[in-house]
Amino acid sequence: MYMGACQCISLHMKGFPAVDIPRIFNVTESAHRIHNPFTPDKFATLGEALRLEAGTSVLDLGSGSGEMLCTWARDHGIVGTGIDMSRLFSEQAKHRAEELGVADRVTFIHANAAGHVADEKVDVAACVGATWIGGGVAGTIALLAKSLRPGGIILVGEPYWRVWPTEEIARGCGAGAVADFLALPDLIASFGKLDYDVVEMVLANQDGWDRYEAAKWFTMRRWLDANPDDDFAAEVRAKLTSEPWRYATYTRDYLGWGVFALMARA
Ligand code: SAH
């Protein structure tokens, strides 16, 4: 989960376009299994809450390192496809599937998921912390709906304001403006306005934020110690110096995050 659109398409190796996300995320989140404020127990709670059955098909746009699909395949026997634009995270997802013995049930594709529609309709279509893929929450729901069977479930992971911020605080949280996110009641109401029932939700908490954010600090420090002469070292150093204070001042108190399960009103 990070804020804002990210389109970073570089040309690497003559004639081969290499799609990837900005390098900073591939450094700071290289040791994360979950790239948002959910902890493993939250994904387990969500999987149980959704009453997943063996054989349930799940599409995950912005699947990161694949922890949701891999653990649900192990624990509930789902089958799934994840699409992610980070080459590193996509590789990690494949390794995780092998590690958990579910590589026959889940597939990870390294690609831009913008506009992606599944060939066969799925039971659950998810975008957990990457709603810029569809140009925002409403656009992402519309995109996911194209892959969903009638009566299926859409999962959206999205931040919301826990405490209403000033514009300065919103920017401190990494948002472009206060208007980038809603308060929880308004976010829930916004799904209703799109004619969806909110049928379940699991919310992150501050311990989960700490796991997501503080884990980056240690990863950055270890990366700096291993790569002192890298061109990127100054940027990573500046971030490690400022991030703990920024996070404790802004994100930890002001920003909430949750996954919402939606079903179209018939
Ligand atoms: N859902 C995952 C990852 C959330 S972080 C989890 O819960 O762990 C957001 C993810 O979106 C990152 O893995 C990033 O690589 C990916 N991403 C960003 N832009 C994308 C795009 N256009 N298409 C596919 N994936 C994208």
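The values are calculated or read from the model by the stated rules, or taken from the named source; none is laboratory data. All of these numbers come straight from a predicted model, not from anything done at the bench. With ideal geometry, Cβ positions are generated from the backbone for all residues, glycine too; neighbour counts draw on all protein chains shown. Surface accessibility is based on the protein's heavy atoms, side chains included, excluding ligands, DNA and RNA. Shrake-Rupley method; radii C 1.70, N 1.55, O 1.52, S 1.80 Å.
Points to keep in mind about this one:
- Accessible area per residue, Å², the chain with all protein chains present, probe 1.4 Å: 47
- Couplings 3J(HN,Hα) of segment 141-146, computed from phi: 4, 4, 5, 4, 4, 5 Hz, in residue order, whole Hz [Karplus 6.51 cos²θ - 1.76 cosθ + 1.60, θ = phi - 60°; x for Gly and Pro].
- Between D180 and F232, the simple spin-label model (points 7 angstrom out along Cα→Cβ) gives 2.1 nm.
- Average Cα contact separation per residue, the chain, under 8 Å, 6 or more apart, as relative contact order %: 21
- Charge dipole (Cα centre; +1 on Lys/Arg Cβ, -1 on Asp/Glu Cβ; no other charges) of segment 199-266 amounts to roughly 200 debye.
- Estimated at the nearest 10 Å², the accessible area of K146 is 120 Å² with a 1.4 Å probe.
- Of the accessible area of the chain, computed with a 1.4 Å probe over protein heavy atoms only, carbon and sulfur atoms account for 54 percent.
- Estimated [θ] at 222 nm from DSSP helical runs (n ≥ 4, -39500 (n - 2.57)) normalised by residues in the chain, nearest 500: -11500 deg cm²/dmol
- Site pair A248 and N112 shows an inter-label distance of 4.0 nm when each label is modelled 7 Å from Cα along Cα→Cβ.
- Rounded D (µm²/s) - segment 53-164, Kirkwood Rh over Cα pairs, Stokes-Einstein at 4 °C, 1.567 mPa s: 93
- Listed residue pairs exceeding 28 Å between alpha carbons, taken from K146/K193; K94/K146; K121/K193; K94/K193: K94/K193
- More than 24 angstrom apart: percent of Cα pairs within the chain: 48
- Charge context of A248, other residues only, Cβ under 13 angstrom, K/R +1, D/E -1: -2
- Between the residues A31, S90, A183, the greatest Cα displacement towards the positive end of the dipole of the chain, with unit charges on the Cβ of Lys, Arg, Asp and Glu, is found for S90.
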